[in-house]
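Data first, discussion second: the structure below is written as structure tokens.
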Amino acid sequence: MPKPDTLLAHAGRAPEAYAGMVNTPVFRTSTVIHPTIESYEAPRDLMKKPVSYGRHGTPTTFAFEEAVARLEGAHQAVATPNGLSAIVVALLAVLKPGQHLLVADSAYSPARGFCDRRLVPLGIEVEYYDPLVGAGIAGLLRDNTGAVFCESPGSLTFEMQDIPAIAAAAHARDIPVLADNTWVTPYFASPFELGVDISIHAGTKYIGGHSDLMIGVVATNERYWKPVRQTVYDYAYSVSPDDCYQALRGLRTLGVRLRQHERNALQVARWLEAQPEVARVLYPALESDPGHALWKRDYRGASGLFSVVLKPIDDAALARFVDGLKLFGIGSSWGGFESLITVVHAAAYRTATRWQPEGPAVRLHIGLEDPADLIADLRQGLDLLQDGKAAAHG
């Protein structure tokens, strides 16, 4: 099998089919004309992605899906409108009323909201588990457990999960394992080799890479392809071919961008570890991180996203720090070329475990700026914790 960088350049491309054009063109359509009534009424296998109606996908859509599937080592992949919709599709594809779902306590908060507000009323019992449980997940599995949902590392708090151990326990009872792999990306992880059955990505983040599109993608092994594809169809999810084109274009440069994000993030994270205002840095790529051994075993690299726990300060001091940064935007999402910062409020939603940091925490996305400039900006921001000088956010 070709190496990841080669796949990034070649997967999902068929120049010979499009007059030699390097990139698959954007096919914008709703109606697809058929030459005869017989061909129009002929049965179509949805699993084989026929071009039959715009909502079902176009050659642009299928090119993006093929590229992601090949990069991940999946049987197939399907695009969805955004990352949360990819989680929704994956869960609805495998769960039935009366079943039990295990969800990592560190999972993406909107995913928890969907579970609590939508799955529970459907008669599905949702149980949150300690993300560090590893093989101990076996003690939580029941006869009616329908799936185990993982996110490694966890949103905001970055706990690494032992996916192979969880998968071994779940598969011993024929239970599928779903994993949100947005942080590590298809470039730095091979989730199906780790035992995942359904891999989920917010392509909005690193796959798109430029903070200008919304897209999700669900990749599956052969067993779960049909229920996932059918669920996308039944819930009428459809993705613009323009967004698929943009996502595929972003995917081509994922390797070079992500390697730079990782280099920048490591430099900034190591600097932060040494600062007197910092209690700890939550980044599995750091040797000091509790999840470092699992990260090194299972992944080929890291992204530019991590959290920083500060030593105790009041809310006013925290606001001075965040608002005083010039190069870090305050905003949702991540994975683009720009650096971002948000305040972490993980204690508000954890139920199976307690999140008790030494002081307030912030999540940083380290972009593609020069890390020396980012460090200088963080240093002047940290200085504001002490001197009380207010600064307008740049």
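Structure data summary
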item	result
Residue match in region 137-157 (condition: more than 23 Å from TYR283 (Cβ to Cβ), open to solvent by 20 Å² or more (accessible area, probe 1.4 Å), among the hydroxyl-bearing types (Ser, Thr, Tyr) and at pLDDT 95 or above)	no
Residues (of a type outside the set (A, V, I, L, M, F, W, C) and either more than 23 Å from GLU151 (Cβ to Cβ) or in contact (Cβ under 8 Å) with a residue 60 or more places away in the chain (or both)) located in region 268-289	ARG270, GLU273, GLN275, PRO276, GLU277, ARG280, TYR283, PRO284, ASP289
Some residue of region 174-186 being at pLDDT below 95 and more than 26 Å from TYR349 (Cα to Cα)	yes
One residue from LEU364, LEU385 being at pLDDT 95 or above, open to solvent by less than 60 Å² (accessible area, probe 1.4 Å) and not in a loop (DSSP other than H, G, I, E, B)	LEU364
Cross-chain or 6+ apart pairs with Cβ under 6 Å, region 179-193 first and open to solvent by less than 20 Å² (accessible area, probe 1.4 Å), then hydroxyl-bearing (Ser, Thr, Tyr)	ALA179/SER199; ASN181/SER199; TRP183/SER303; VAL184/TYR299; THR185/TYR206; PHE188/TYR299; ALA189/TYR299; PRO191/SER199
Flag if TYR299 is within 19 Å of PRO131 (Cα to Cα), among the aromatic types (Phe, Trp, Tyr) and in contact with a strand residue (DSSP E or B) (Cβ under 9 Å, 6 or more places away or on another chain)	no
Pairs with Cβ under 9 Å, 6+ apart, first in region 251-267 and open to solvent by 20 Å² or more (accessible area, probe 1.4 Å), second β-branched (Val, Ile, Thr) and part of a helix (DSSP H, G or I)	GLN267/ILE375
Condition broken by GLN356, with the remaining ones in (1) part of a loop (DSSP other than H, G, I, E, B); (2) touching a Lys or Arg at 6+ places or on another chain (Cβ under 9 Å); (3) among the polar types (S, T, N, Q) satisfied	(2)
Residues satisfying the stated conditions in region 294-339, i.e. assigned to a strand (DSSP E or B), surrounded by fewer than 22 Cβ atoms within 10 Å (Cβ to Cβ) and of a type in the set (A, V, I, L, M, F, W, C)	VAL309, ILE330
Out of SER199, SER288, SER211, sole residue that is open to solvent by 10 Å² or more (accessible area, probe 1.4 Å), closer than 28 Å to ALA11 by Cα and among the small types (Gly, Ala, Ser)	SER211
Restricting region 50-94 to residues that are among the charged types (D, E, K, R) and open to solvent by 30 Å² or more (accessible area, probe 1.4 Å), the residue that is modelled with the lowest pLDDT	ARG55
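The values are calculated or read from the model by the stated rules, or taken from the named source; none is laboratory data. Worth saying up front: this structure is predicted, and the values here are computed from it rather than measured. All Cβ positions, glycine included, derive from the backbone under ideal geometry; neighbour counts span all protein chains shown. Note: areas computed on protein heavy atoms with side chains; ligands, DNA, RNA excluded. Shrake-Rupley method; radii C 1.70, N 1.55, O 1.52, S 1.80 Å.
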